[in-house]
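J.: One structure, as structure tokens, below. Some questions next.
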Amino acid sequence: MNKLIIKPINVIDHTDLPEILVDHIPTDGDPLEINKELYFVCEMNYKKHDDPPVIGVIPLVVRNPSKVSNIKKYIECLSIAHRKVLFKNDNGICDLDDCDEMIIT
């Protein structure tokens, strides 16, 4: 399988992040680990014609939240990512309070 290079941009503070290799172009809410931190794809209006393609991402942890210019947009993006999270235990899918693991799909 061919790997693709993408260029993530943190849409919270508009900083460039390091290019990463992926199996396919991720979709909104997909997790990406970048520099040992978790990000979620937030803007699929990426620039397809750029080389490499540019993808908007949001960090799981926001430092200095008062400096986030559009906190509503961040929460909307995080909500999309949250839908891809499963909580599981020995009996299968469960609620947050009685689970042993969290899986980001």
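Throughout, read-outs are computed from the coordinates displayed, never taken from laboratory work. All values derive from a computational prediction rather than experimental measurement. Positions of Cβ are backbone-derived with ideal geometry, glycine not excepted, and every protein chain shown enters the neighbour counts.
J.: How about the range 1-81: which trypsin sites (Lys or Arg not before Pro) there are in a DSSP loop, with at most 16 other Cβ atoms within 10 Å of their Cβ? It would help to have the intermediate numbers written out before the result.
T.: On the way: sites: Lys3, Lys36, Lys47, Lys48, Arg63, Lys67, Lys72, Lys73; in loops: Lys3, Lys36, Lys48, Arg63.
Answer in residue order: Lys3, Lys36, Lys48, Arg63.
J.: What aspartates and glutamates does Lys67 reach when the alpha-carbon gap must be under 13 Å and sequence neighbours fewer than 8 apart in one chain are set aside?
T.: Asp13
J.: Return Cys42, Cys99, Cys77 ranked ascending by Cβ neighbour count within 10 Å, so the fewest neighbours appear first.
T.: On the way: Cys42 26, Cys99 16, Cys77 22.
Result, fewest neighbours first: Cys99, Cys77, Cys42.
J.: With a cap of 14 neighbouring Cβ atoms within 10 Å, and only residues DSSP puts in a loop, list the GluC sites (Glu not before Pro) found in the range 1-82. It would help to have the intermediate numbers written out before the result.
T.: On the way: sites: Glu19, Glu33, Glu37, Glu43, Glu76; in loops: Glu19.
Answer by residue number: Glu19.
J.: Would you calculate the separation in nanometres between label points at Asp13 and Ile93, each defined as 7 Å from the Cα along the Cα-to-beta-carbon direction?
T.: In this crude label model, Asp13 to Ile93 measures out at 3.6 nm.
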